[in-house]
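Presented below is the structure to which this report refers.
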Amino acid sequence: MANILLVTSSPRGSEGLSTRFATEIAEGLKTRLRGTLVTRDLSRHPPPHITQAYIHGRVAAPEARTPEQVEAVGFAQQLVDEVSAADVLVLGSGMINFGPSSQLKAWFDHITWPGVTFGYGAAGTPQGLLAGKKVYLVTAAGGVFSQGDWAAFDFQTGYLRHLLGFIGLTDVEVVRVEGTVFGPEAAKAAIDAAQAHVQAVLDQAA
Ligand SMILES: Cc1cc2nc3c(=O)[nH]c(=O)nc-3n(C[C@H](O)[C@H](O)[C@H](O)COP(=O)(O)O)c2cc1C
């Protein structure tokens, strides 16, 4: 049995294609693997930006934390616990101004925590502390970024891969939904291609 965590983050709510396909993957895996599914919807419930209370609170001894620090650290701990408990993480991200949404960035800002999700090895090399999880990363974008002239401006997929790898999540399969702004035909082709990829992911997991 697998514990699946679905994290969605498109500010476009129910219209979000990353949300749609990430949800399809998570629900499909739940059925196929007879797993459990926990959902963290960052679109409906955006995490706050990190604050001084969190930054100071996470290095303070628990008994020395102010009430504000206790709340800030407690929330981050809750997000980390959700990831730690998962065998499979399904992450949905829609491109906003060439990167992930600020909702998703705020989630990473909470879970990228020295001594908890990453540390430093003997030579000072960063080491991710989360391991042994499969990640499905669904990235949606209006333009095409997997190849061509705009690939250099994709600050979403590569950045998210890097953040995941930094905390130890290196087994990442990316599903792209891209090129949806070039008219209805191109949008349909992009959605059909993503749908086929999602199906392949689920067929492989069965
Ligand atoms: C506020 C906003 C900013 C966007 N910025 C970009 C962008 O920089 N580059 C791009 O290719 N598409 C951009 N788009 C288009 C989205 O990436 C596209 O609609 C994608 O499907 C969003 O993901 P979602 O469907 O999961 O919401 C933007 C859309 C919105 C609403």
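Applying the set (1) within 17 Å of Ser18 (Cβ to Cβ); (2) touching a Phe, Trp or Tyr at 6+ places or on another chain (Cβ under 8 Å); (3) not hydrophobic (A, V, I, L, M, F, W, C) to Gly128 leaves exactly one unmet item: (1). Within the stretch 80-88, identify whether any single residue is more than 16 Å from the ligand (Cβ to nearest atom), surrounded by fewer than 22 Cβ atoms within 10 Å (Cβ to Cβ), part of a helix (DSSP H, G or I) and free of Cβ contacts under 8 Å to residues at least 12 places away in the same chain, and answer yes or no. Looking through the stretch 80-88, at least one residue is more than 16 Å from the ligand (Cβ to nearest atom), surrounded by fewer than 22 Cβ atoms within 10 Å (Cβ to Cβ), part of a helix (DSSP H, G or I) and free of Cβ contacts under 8 Å to residues at least 12 places away in the same chain. Quick check on Val70: is it more than 16 Å from the ligand (Cβ to nearest atom) and touching a helix residue (DSSP H, G or I) at 6+ places or on another chain (Cβ under 9 Å)? Yes; evaluated as a whole, the condition is true for this residue. Residues that are more than 8 Å from the ligand (Cβ to nearest atom), surrounded by 15 or more Cβ atoms within 10 Å (Cβ to Cβ) and among the hydrophobic types (A, V, I, L, M, F, W, C) within the stretch 145-162 comprise just one, Leu160. Select from the stretch 104-144 the residues that are within 30 Å of Ala186 (Cβ to Cβ), without any contact (Cβ under 8 Å) to a residue 60 or more places away in the chain and either within 16 Å of the ligand (Cβ to nearest atom) or more than 12 Å from the chain's Cα centre (by Cα) (or both) and list them in ascending order. Lys105, Leu137, Ala141, Gly142, Gly143, Val144, listed by residue number. Within the stretch 1-51, the set of residues being at pLDDT below 95 and either among the polar types (S, T, N, Q) or within 17 Å of Met95 (Cα to Cα) (or both) comprises Gly13, Ser14.
The values are calculated or read from the model by the stated rules, or taken from the named source; none is laboratory data. In this text, all values refer to a predicted model and were calculated from it rather than measured experimentally. Methodologically, a virtual Cβ is constructed for each residue, glycine included, from the backbone with ideal geometry; neighbour enumeration extends over all protein chains shown.
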